[in-house]
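What follows is a single structure, written as structure tokens, with notes after it.
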Amino acid sequence: MIQMSNTNRVLMVMASVALFGLVGCKQAPKAGAVDTAPVPAALTAEQAPAVDPSLPIPLNVGLLPLRGNVNAKVTIVEFSDYECPFCSRVEPTIDQILKDYPNDVRVAFVNNPLPFHKNAMPAAKAAVAAQRQGKFWEMHKELFANQKQLNEAFYKETAKKLGLDLARFEADMNSQETADFIAKGMKDGAAYGVQGTPGFLINGVLFVGAQPIAAFKKEVDAALARANKVASEKNLSGEDLYRELVKTAPKPAPEPEEAAPAGRVLVDVGNAPVLGDVNAPVTIVEFTDFECPFCSRGNTTLHQLLDANPGKARVIFKHYPLPFHKNAKLAHQAAEAAKIQGKFWEMYDLIFANQKAMSRDDLIGYAKQIGLDEAKFVADLDSDAVIKAVEAGIAEGSKAGVRGTPHFFFNGTLLSGAQPLPAFQAALDKELEVAKDPKYAGLTGNALYEKIVKDNAAPAPAPKAPAAPIVIDTTGAPFRGAADAPVTIVQFSEFQCPFCSRVEPTLDELLKSYEGKVKIVFKQMPLPFHNNAQKAAEASLFAHANGKFWELHKLMFANQGALDVENLKKYATEVGLDAAALEAALTSNQYEAAVKADVEAAQKAGISGTPTFVINGKLLVGAQPIDAFKKAVDEALAAAAK
């Protein structure tokens, strides 16, 4: 087994959100300029951005400590903890971003004290108290520079050094108002998906961890491009622009929900990488995907759990790259190749820290960075042994009932998804109680794990009656393939969903492979968090009514990032439709009811996401590989032949 002490790992500490803000009283930098002094000046009340009390705190940067150009088009809201070492490490990166984008970026700071950092909450309160006297950034600098000296005496000494009114400082630091506002910030921030530190909202887009400056710049550049586009299209600026950007920020797809299986699931530990004490009473088997953003968050929470519970749990890593993540499988092969040279966890950390840079060259670069023999790594990367190891993990996961990531088994009991730390802690506490049973005395590690799982194995399930076929009315819907084909695939899809786009070539290939035997019917299912999906769906039905559905369908999937009404009109013109008539149809909501009918049909069938397919009455969910589709089609053909 490969094992590594959790205290030596590079990890991003994550938890719940906290923030507070009052305007300071020092002179602010002039508009368009960044304060490049070691300690930025505070804003006066007159210079602070406008505040709307009806909106959550992340939308009210006028309440927060702020540096950079007050009128910048890119707002980075930073959620941080003064006792978190990774928060300290990211500060120079933020300073550099402000220098490199002097007119385009402003940074608002949000206190986010983590519950397992005993000094974090008092330090956050000290920062708030200093902020009330216009010395937030000075206190901020001292707190990060002295993370190992955080205590009440230090806060008072620093307040004196900064020339604060000490009586007022202590009163503010210990006031109920301060505590209440921090609590409100935690609730408001959580609504935007921020789960810990360091975490960032870049014009409303979640960005997690103390990542390298290149990763920050990539996000800032994307945010600036979007801001310029929205500012031009909607004639917005200032806080109106910022709030519109946050409101329309792209959101990650929701995590799949899975029902917990009865009993417990035994997964063979084998020679899988192990993190934590190998003799710990609780074994957590983790099925993960390096390209899945929820896996990154789930792993971060696992690391928190191990830090807060030393010696009580161990994590067993299992490969489970999802088929629609194009870089995932190679990244898993890279981790497995690094494992051969004893550097699995180092590679694991680098891949998760750089989820948007997982090409072959990137992975080879990480191998060099952690000191691997490059030639051996490259040779192992595509070797049969490494590929089989990754595929074995997928097979184990499928056997265990894993259908999505992240997926965890606590001594065989399922915990699905990137849930918050309290959920992980509750699962651990429950299993620690089970392990205390006298019948497990003297057992540790694998022996204890296997005994607990086997003692609580699920009873054999009763035979299930065959599921009733799902019937979808396809009358008048656009279709391709043979009208009288024995197999009908009803496709619930939407034009802004990247997974819907990825599955299109698979469907094209199916039509070629089963010519005359398959018909594909398109049904609309725009998801509410994709802001252009509804109008794109309506536009496609306008095209269908005018004999150009598949032509417009192709153009919209090819341009998923540009599906606003103006672009829809442009695509309509390109395929020979009347753009003015399309605009009139969209303005009058002519096809809204038809889209709604498709969505209701999906909901009635138990369909909640895209892409989802009904193949002769049976569900197939997701952008699965062509072999999965072929298996379903072959079964449908065999049933039809009977």
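The values are calculated or read from the model by the stated rules, or taken from the named source; none is laboratory data. Bear in mind that the values here come from a model prediction, so they are computed numbers and not experimental data. Cβ sites come from the backbone with ideal geometry, for glycine too, and all protein chains shown count toward neighbours.
Here Y242 fulfils each of the conditions (1) at pLDDT 90 or above; (2) in contact with a Phe, Trp or Tyr (Cβ under 8 Å, 6 or more places away or on another chain) apart from (2).
Is it the case that F542 is modelled with pLDDT under 95 and either among the β-branched types (V, I, T) or assigned by TED's automatic domain parsing to the domain that holds D627 (or both)?
Spelling it out, it is not the case that F542 is modelled with pLDDT under 95 and either among the β-branched types (V, I, T) or assigned by TED's automatic domain parsing to the domain that holds D627 (or both).
Of the residues R67, R106, which single one is within 26 Å of the chain's Cα centre (by Cα) and either assigned by TED's automatic domain parsing to the domain that holds T197 or among the β-branched types (V, I, T) (or both)? Result of the check over R67, R106: R106.
Conditions tested, residue by residue: (1) without any contact (Cβ under 8 Å) to a residue 60 or more places away in the chain; (2) aliphatic (A, V, I, L, M); (3) surrounded by fewer than 19 Cβ atoms within 10 Å (Cβ to Cβ); (4) touching a His at 6+ places or on another chain (Cβ under 9 Å).
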position: A126; (1), (2), (3), (4): yes, yes, no, no
position: H140; (1), (2), (3), (4): no, no, no, no
position: F154; (1), (2), (3), (4): yes, no, yes, no
position: E157; (1), (2), (3), (4): yes, no, yes, no
position: L162; (1), (2), (3), (4): yes, yes, yes, no
position: D165; (1), (2), (3), (4): yes, no, yes, no
position: E170; (1), (2), (3), (4): yes, no, yes, no
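A search for C-beta distances below 7 Å between a residue of segment 365-379 that is more than 12 Å from Q333 (Cα to Cα) and outside the structural domain of W345 (by TED's automatic domain parsing) and any residue that is outside any helix (DSSP H, G or I) and modelled with pLDDT of 95 or more, counting only pairs 6+ apart in sequence or on different chains, returns nothing. Within segment 581-626, the set of residues being in contact with a helix residue (DSSP H, G or I) (Cβ under 9 Å, 6 or more places away or on another chain) and of a type in the set (D, E, K, R) comprises E583, E592, D598, K618. D81 satisfies every condition listed in (1) surrounded by 24 or more Cβ atoms within 10 Å (Cβ to Cβ); (2) at pLDDT 90 or above except (2). How about segment 441-454: which of its residues are part of a helix (DSSP H, G or I) and surrounded by 14 or more Cβ atoms within 10 Å (Cβ to Cβ)? Matches in segment 441-454: G445, N446, L448, Y449, E450, K451, I452, V453. Taking segment 287-304 as the range and being within 22 Å of Q211 (Cβ to Cβ) and part of a strand (DSSP E or B) as the test, only T288 passes. Among the conditions (1) closer than 19 Å to C292 by Cα; (2) at pLDDT below 90; (3) in a helix (DSSP H, G or I); (4) among the hydrophobic types (A, V, I, L, M, F, W, C), A423 misses just one, which is (1).
Among the residues of this structure, E396 does not count as one that is loosely packed, with under 13 Cβ neighbours inside 10 Å, modelled with pLDDT under 95 and part of a helix (DSSP H, G or I). The set of residues in segment 417-449 being touching a residue at least 40 places away in the same chain (Cβ under 8 Å) and acidic (D, E) consists of E431 alone. Scan segment 87-112 for residues that are in a helix (DSSP H, G or I) and closer than 25 Å to A179 by Cβ and the total you get is 2. The residue of segment 593-621 that is modelled with the lowest pLDDT, among those that are within 16 Å of E504 (Cα to Cα) and in contact with a Phe, Trp or Tyr (Cβ under 7 Å, 6 or more places away or on another chain), is T610.
The listed residues are G516, G561, and the only one of them that is more than 28 Å from the chain's Cα centre (by Cα) and either crowded, with 16+ Cβ neighbours inside 10 Å or in the same structural domain as A594 (by TED's automatic domain parsing) (or both) turns out to be G516.
Just checking, which of I452, I472 is of a type in the set (A, V, I, L, M), under 21 Å from K604 (Cβ atoms), modelled with pLDDT of 90 or more and touching a strand residue (DSSP E or B) at 6+ places or on another chain (Cβ under 8 Å)? Before you say what the answer is, go through the steps one by one.
Values: I452 fails: under 21 Å from K604 (Cβ atoms).
The conditions single out I472.
Pairs linking a residue in segment 211-239 that is farther than 30 Å from C87 by Cα and hydroxyl-bearing (S, T, Y) to a residue that is modelled with pLDDT under 95 and outside any helix (DSSP H, G or I), with Cβ atoms under 9 Å and 6 or more positions apart or on different chains, are S237/N71.
Considering segment 496-513 alone, what residues qualify as being out of contact with any strand residue (DSSP E or B) (no Cβ under 9 Å at 6 or more places or on another chain) and surrounded by 21 or more Cβ atoms within 10 Å (Cβ to Cβ)? Within segment 496-513, Q496, C497 meet the criteria.
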